[in-house]
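Notes follow once the structure below has been shown.
The values are calculated or read from the model by the stated rules, or taken from the named source; none is laboratory data. Keep in mind it's a predicted model, so treat the numbers as computed, not measured. Glycine gets a Cβ as well: all are built from the backbone with ideal geometry, and neighbour counts include every protein chain shown. These accessible areas exclude ligands, DNA and RNA; they are computed on the full protein's heavy atoms, side chains included. Shrake-Rupley method; radii C 1.70, N 1.55, O 1.52, S 1.80 Å.
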Amino acid sequence: MAKNRNQASLRTRASRIGGGAILLCALLIGVLSTQRNNELPNIKDTDSPEVLETESLNKVEKPLLTEAPAETEVIEITARRTESESTTAVASVEQTASSVQYGSFQAEVEGNDGKVRWSTLFQRHIKTFEIQRSLDDENYEVIGRVDGEGSGSYSKEQVYEYIDNSLATVQMPRVYYRVKQIGFDGLEDFSDVIEYEFGLDLGLYSRIEEIQDGKIKLLYAADRTGPISLRFLNVAGEIIDSHELQADFDPQALAIDASSWKEGKYFLQLQDEATSVMEQFIYKK
């Protein structure tokens, strides 16, 4: 009976040992399984280097190969187009801009009038010619207009003339003429200036240019240099203002303060050793 108890004890111990071994194996299998699952991504990454490298190239290198050349090409095309349009516009303006090539230009006296005569060797798109006159080659006034040949280009010589029928009122020994061309495109330009002298034996000259704000602005000249006297007289012949001046053939400007004068008729007298001239005018404030 004791022997039977010993055998039962052995079986129990063996059973316990076997169960423990089984439990230990199960635990080891679980740990190994967990470790293997945790390491699977690393194993997959390291086991597929070709796949990863291909994906990396697709993500990084493809934009560099496609976007940069396309952007550069667009910029170059735009620059060429802009330059072409600009060149075309400039060429168009050069072909259509109005212009004149002048030939002869002269002036002469015809009776009591002046005749201005000029010619053009070439003109393009000229609407009109404007004739201007000056006494000092600085301040010009428009005295008339003559039509141009119109739209188109004309290489044949064209001759024009204008009669200055107000020349008798100038009362100066010298005048200056010039012509201003006006194109249909609004462009304007001037001819050369022509100077015309009436002669050297016409004596003394005076011309009142403006009476404004109590001032009288005038021009005076002579056919020779030397001292002259300038006087203002009222209707009673009384001298109310006088000046000693040095005359020259070129017109000289003078401004007189007449703010204290009464409105009415006055006389302007120029006198040198041999000549005396007088001009009548109306003074208004």
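Taking the criterion of being open to solvent by less than 20 Å² (accessible area, probe 1.4 Å), of a type in the set (A, V, I, L, M) and assigned to a loop (DSSP other than H, G, I, E, B), would at least one residue in segment 159-171 satisfy it? Within segment 159-171, one or more residues are open to solvent by less than 20 Å² (accessible area, probe 1.4 Å), of a type in the set (A, V, I, L, M) and assigned to a loop (DSSP other than H, G, I, E, B). Residues considered: Ser155, Ser134, Ser191. Of these, the only one that is open to solvent by 20 Å² or more (accessible area, probe 1.4 Å) and either touching a residue at least 24 places away in the same chain (Cβ under 8 Å) or touching a Gly at 6+ places or on another chain (Cβ under 9 Å) (or both) is Ser155. Give segment 102-130 a look and list any residue that's under 24 Å from Gln171 (Cβ atoms) and either open to solvent by 40 Å² or more (accessible area, probe 1.4 Å) or touching a Cys at 6+ places or on another chain (Cβ under 8 Å) (or both), or say none. Within segment 102-130, Gln106, Glu108, Val109, Glu110, Gly111, Asn112, Asp113, Arg117 qualify. Just name the residue that is modelled with the highest pLDDT out of those in segment 199-218 that are among the hydrophobic types (A, V, I, L, M, F, W, C) and surrounded by fewer than 20 Cβ atoms within 10 Å (Cβ to Cβ). Restricting to residues being among the hydrophobic types (A, V, I, L, M, F, W, C) and surrounded by fewer than 20 Cβ atoms within 10 Å (Cβ to Cβ), the top hit is Ile211. Look at (1) open to solvent by 30 Å² or more (accessible area, probe 1.4 Å); (2) in a loop (DSSP other than H, G, I, E, B) and you find that Met278 fails only one, number (2). Here is a check on your reading of the model: is Val146 open to solvent by 20 Å² or more (accessible area, probe 1.4 Å), under 30 Å from Val277 (Cα atoms) and within 34 Å of the chain's Cα centre (by Cα)? Considered against the rule, which asks whether it is open to solvent by 20 Å² or more (accessible area, probe 1.4 Å), under 30 Å from Val277 (Cα atoms) and within 34 Å of the chain's Cα centre (by Cα), Val146 comes out as no. The number of residues in segment 240-253 that are open to solvent by 40 Å² or more (accessible area, probe 1.4 Å) and either within 23 Å of Pro173 (Cβ to Cβ) or of a type in the set (Ser, Thr, Tyr) (or both) comes to 8.
Scanning segment 254-268 for residues that are within 16 Å of Arg207 (Cα to Cα), in contact (Cβ under 8 Å) with a residue 40 or more places away in the chain and surrounded by 15 or more Cβ atoms within 10 Å (Cβ to Cβ) yields Ile256, Leu268. Please find, within segment 219-239, the residue that is nearest to Phe122 (Cα to Cα) out of those that are open to solvent by 70 Å² or more (accessible area, probe 1.4 Å) and outside any strand (DSSP E or B). So the residue we want is Arg224.
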